Structure formats: C-alpha cells, structure tokens
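Visitor: My questions will all concern the structure given below.
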Amino acid sequence: MSTRTEPGGETYGTTIIVVLETNPFYWQNATGADGANGLGSCLRQILVFINAHLSLSKRNDVAVLGMHSGGACHFLYESSDDDSKNDGTRNGPNNQDRDPIQNDVSARILRSLAALEAERTSGSEKRKNEKHTTTTALASALSMSMCYANRTAGGGGSRKQKQTRVVVVQGSADFPGQYVPVMNAIFSAQRAEIQIDSCILGDADSAFLQQAAHITGGLYYKVKATMELTQSLLQMSGADSATRKILQVPNQRGVDFRASCFCHKQPLETGFVCSVCLSIYCKECARCQTCEAEFDA
C-alpha cells in the first residue's frame, strides 16, 4: 500500500517522514498510560510502523524527525543512510540484501535523541534558564520536512515518480506564535503535493494540524493511548493516496480555521486584515506592522 506503480509497470517507492513529539516536558506531564510508559513506549510502537513500511518495498524510505523543546529539531534516523553504504547508490544491487527488521533502527534513534537532549541542556545561558514548557517547534519540524522532501526528490521528473508523506505525532498544544511559519510550511506541502497526516496523542485537538490535514488532503486522527499507536498508524497512515480512495477512512468532523493575530499571537474569531499583505490584527490600527501600509481612519 506504500508503493506506486506507473502504467508502464515500473514501481516507485514512497518516503514517509515521521515527525515525532520528543519534548521531555510533555512526556513528564503526560498522565495515564502515556505517563507510565513515556517516550520509550511511543518509540516501540512507531518502530513497528517504520519496519512495516520498509518491508513493503526496497524502494521505500523513512526519516524520523524529533520535535524537542526550546525550538530544537533534529533528524533521528534516515533509512537513506543505510542505502548509501551499499556501493554509494540507493536501491542498488547490494541493496537487495537489506532487511529493515534487522537494522539497528531503535538504537540509532535513541542515540540521536540523547544527543539532541544533550545539545538542549548545554550551551548558552538562555538554554539553561529555559522554562519547562510543553511547546514544541512544529513550524521548524514541518519546514525541515519540506526541505528533506525537496532534497530527496532529486531532479527531473523524479518528484512525480516518488511519493512523499509526512506523519506528525504530536501531544503538546499549539503555540499561536508559530501560526505564520506553520501555515507557510503547510502551503509549501500543498504545492509539492505532499500529504500531512496528523496523529494527536490525547484528547486535545490541534488547530494547526487540523488545517494541515485538510489543506494537503491528509488524515487527522487522535490516539488516546500509545498502545493504540501502531494500529492507528498502520490503518490510517500506512495507505497511500491511491489506496485511501477505496478505503473507509474517518473524515474530520470539523476543522478549526481560526487564525492568530500578528500583534499578540492569539487565536481570533474575527479581526482586521491588511488589504496589502493580508496581516491579521485583533484590533483596528492606523498602520500595518508588517508592510507599514497606512489605513484611512
């Protein structure tokens, strides 16, 4: 379900970019089963999904990107690194022996995660005095995902041949201050025909990811416990866009289309919009803070 076959019979692989919530403050504050098992249980569930995707085709690729606290994001794993070790070519003759189940994926992700946490806790005084917040760098993670998709697409017509999907597993709440960069990344994914699937941990909704799934044609679903994560990922995000047309996938009951104002970064029901640059404000102003256009009284 994660490969694409052209009319000529040639099969192209699928790249899945998993954007994972690794914010330690979120997992410390998580309650119930998530709090007891923590990030380790979530990783074990996601590894099953990753191995299943890689097992479907030798042309399939996976990248895992961690959303940490303090705006830190880092690629925890890239299956293309395994391919490059074989004669320096991806999907080459030696790649026929690749067995994704036997790859040391878990250990590599844990080592990368430990390095990411060490980078966060060391360094400048600003990072040392960082507040314990559950805000994650969703905007940075989506931007890095788009850059990775563009880099791995290659030149020529390969972009149309290989399909790319982004699967975001997030538990923390949205940060209104990231509204503009998040929407820019979403529109970039729409233009590149990259679907963004949104898997929400817990009961809280994410307006950003609701809009991401709606605009890019992806799926939005919630998982109340990490023990249900594998089944949800395989059932929802395991199928490609062509297969989803013949499956009964759950539809979004509603999408929160509220925008955040550019002045106070707060969600708005109604507001004032600049007629030049479309900046949004919660109250009437004489001059736009973005483009400095002056408005008539």
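The values are calculated or read from the model by the stated rules, or taken from the named source; none is laboratory data. The structure presented is a predicted model; accordingly, all values stated were derived computationally and were not measured. FYI the Cβ positions are ideal-geometry reconstructions off the backbone, even for glycines, and counts take in every protein chain you see.
Visitor: Out of 212, 185, 189, which single residue is farther than 21 Å from residue 46 by Cβ, buried (at least 22 other Cβ atoms within 10 Å of the Cβ) and in contact with a Ser or Thr (Cβ under 9 Å, 6 or more places away or on another chain)?
Guide: 185
Visitor: Also, quick follow-up: Just wondering, is there one or more residues in the range 232-242 that are in the same structural domain as residue 206 (by TED's automatic domain parsing), over 20 Å from the mean Cα position of the chain (by Cα) and on the phi < 0 side of the Ramachandran plot?
Guide: Yes: the range 232-242 contains one or more residues that are in the same structural domain as residue 206 (by TED's automatic domain parsing), over 20 Å from the mean Cα position of the chain (by Cα) and on the phi < 0 side of the Ramachandran plot.
Visitor: Those residues that are β-branched (Val, Ile, Thr) and within 13 Å of the chain's Cα centre (by Cα), I need them from the range 191-218; list them, please.
Guide: Of everything in the range 191-218, those that are β-branched (Val, Ile, Thr) and within 13 Å of the chain's Cα centre (by Cα) turn out to be 194, 196, 200, 216.
Visitor: Going through the range 272-297 one residue at a time, which ones are in contact with a Lys or Arg (Cβ under 8 Å, 6 or more places away or on another chain) and either in a loop (DSSP other than H, G, I, E, B) or closer than 25 Å to residue 174 by Cβ (or both)?
Guide: Result: 272, 293, 295.
To keep it simple, each residue is scored yes or no on (1) surrounded by fewer than 12 Cβ atoms within 10 Å (Cβ to Cβ); (2) more than 21 Å from the chain's Cα centre (by Cα).
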| residue | (1), (2) |
| --- | --- |
| 221 | no, no |
| 226 | no, no |
| 244 | no, no |
| 247 | yes, yes |
| 256 | no, no |
| 266 | no, yes |
| 277 | no, yes |
| 283 | yes, yes |
| 295 | no, yes |
